[in-house]
Amino acid sequence: MSRASAVTVVEVGPRDGLQNEPTPVPVDDRVRLVEDLAAAGLRRIEVGSFVSPKWVPQMAGTDAVLARVPARAGLVRSVLVPNEVGLQAALAAGADEVAVFAAASETFSRTNTNGSIADVLARFQPVADAARAAGVPVRGYVSCALGCPYEGAVPVSAVVDVAERLVALGVREVSLGDTIGVGTPDGAKAMTAAVIGAIGVERVAVHFHDTYGQALANVLACLDLGVRVIDSAVAGLGGCPYAIGASGNLATEDLVYMLEGLGLDTGVDLDAVIRAGERISQVLGRPTGSKTARARTSR
Ligand code: HMG
Ligand code: MG
């Protein structure tokens with residue numbers, strides 16, 4: 001089993017985590033979280049989204065978060081955008097990267113973005129073109145890559161198709177999202193291998209939710225395929241408001257602990273990310289979702 005020695009962790013907690021909180025988290029706390037994560041060594045952070053506030057009120061104020069987390073060398077402040085309105089807001093706010101999101105399931109696509117998969121991809125062409133013209137890189141998600149809350153099993157061919165279409169739009173990296181966390185390692189590996197076969201491993205990231213406790217096992221399976229970009233959320237925050245049953249993301253602390261144990265460098269200070277997780281968990285008034293954090297802090 002050969003593994004190159006560095007992995008990039010993409011921290012999605014301030015977006016994929018806080019978008020799902022029943023009560024919106026104040027901008028001050030969102031800023032503090034992003035700064036804590038940056039100080040912990042996370043170099044790519046999804047700080048929020050410019051989606052419709054009627055759909056996801058929790059992410060209103062992402063412009064204020066960006067304004068208070070200034071651009072700096074060595075930090076990519078990424079935001080999720082669903083359309084041109086969101087892109088223009090992201091550019092005006094100075095985002096370093098934007099992420100578009102399509103689904104491999106028609107029902108989820110309609111539920112999450114009010115359009116078919118084809119509609120949503122068509123919406124993204126002008127988004128990708130304008131981002132490129134502005135010199136801002138575009139990431140793309142494929143949601144429901146291992147299952148859909150409405151349709152159940154999702155064919156690998158559907159995931160490959162959406163990933164290829166995202167790359168054709170000009171997306172630099174495709175993050176394969178197990179939105180509801182139903183995947184297990186063999187299926188995760190087979191799906192990811194098929195996408196790698198279509199678009200190349202250097203374009204592939206993986207994004208696991210931990211509903212059934214499978215996220216780390218799935219990551220390990222994908223590391224063996226050469227994947228080196230992995231999404232996670234501090235304290236295991238997360239879920240998608242339009243994915244019934246979706247629980248937290250893979251916790252960044254648990255991911256970093258495993259990668260360190262495998263001898264893979266992340267540049268992330270585990271103790272500092274645990275502190276970031278403790279702080280946001282206090283704000284949310286509940287215990288961290290990271291086993292690593294619980295183990296370390298109870299010593
Ligand atoms: P729509 O209602 O069809 O949009 O929603 P519309 O174009 O008809 O506009 C309706 C209203 O929203 C209008 O305002 C627009 O101006 C406004 P009104 O005239 O009624 O006052 N609007 C906006 N406002 C601010 N920013 C915008 C924007 N766009 C329109 N960007 C839309 C379509 C796509 C906008 C909506 O469905 C939406 O915002 N969806 C986002 C849902 C979302 O954020 N879901 C969570 C993220 S996905 C996820 O978590 C999965 C992922 O993590 C991967 C994984 O886990 O697998 C990525
Ligand atoms: Mg997600």
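Taking only DSSP H segments of four or more residues, each worth -39500 (n - 2.57), what value at 222 nm results for the chain once the sum is divided by all its residues, to the nearest 500 deg cm²/dmol? Rounded to the nearest 500, the figure is -13000 deg cm²/dmol. Accessible surface of Leu146, taken over heavy atoms with a 1.4 Å probe and every protein chain present, rounds to 40 Å². Loop-resident trypsin sites (Lys or Arg not before Pro) (DSSP state other than H, G, I, E or B) in the stretch 55-121 with no more than 14 further Cβ atoms inside 10 Å of their Cβ: Arg72. Working note: Karplus 6.51/-1.76/1.60 with θ = phi - 60° gives the stretch 163-180 the couplings 4, 5, 5, 4, 5, 5, 6, x, 6, 7, 9, 10, 9, 8, x, 8, 3, 10 Hz, where Gly and Pro are set to x. Largest mean-square fluctuation among Val154, Val268, Val51, in a Gaussian network model of the chain whose springs join Cα atoms under 10 Å apart, belongs to Val154. Compared with the alpha-carbon gap, the fully stretched path from Arg275 to Val201 is longer by 23.4 nm at 0.36 nm per residue. Here the gap between Ala118 and Ala153, fully extended at 0.36 nm per residue and compared with their Cα-Cα distance, gives a gain of 10.6 nm. Site pair Ala39 and Arg68 shows an inter-label distance of 1.5 nm when each label is modelled 7 Å from Cα along Cα→Cβ.
Our coupling estimate for the stretch 226-236, obtained by passing each phi through the Karplus curve with A = 6.51, B = -1.76, C = 1.60 and θ = phi - 60°, is x, 5, 10, 10, 10, 8, 7, 10, 3, 6, x Hz, Gly and Pro reported as x.
Calculated accessible area for the chain comes out at 38 Å² per residue, all protein chains present (probe 1.4 Å; ligands, DNA, RNA ignored). Annotation: extensible slack from Leu220 through Glu84 equals 45.3 nm (criterion: 0.36 nm per residue apart, minus Cα-Cα distance). Here the label points at Ala190 and Trp55, each 7 Å from Cα along the C-beta direction, are separated by 3.1 nm in the simple model.
Per-residue SASA remark: Tyr150, around 80 Å² accessible (1.4 Å probe; ligands, DNA and RNA not included). Carbon-plus-sulfur accessible fraction, the stretch 56-96 (probe radius 1.4 Å, protein heavy atoms only): 60%. If you sort Lys291, Lys189, Lys54 by accessible surface, 1.4 Å probe, largest first, the order is Lys54, Lys291, Lys189.
The values are calculated or read from the model by the stated rules, or taken from the named source; none is laboratory data. The structure presented is a predicted model; accordingly, all values stated were derived computationally and were not measured. With ideal geometry, Cβ positions are generated from the backbone for all residues, glycine too; neighbour counts draw on all protein chains shown. Surface accessibility is based on the protein's heavy atoms, side chains included, excluding ligands, DNA and RNA. Shrake-Rupley method; radii C 1.70, N 1.55, O 1.52, S 1.80 Å.
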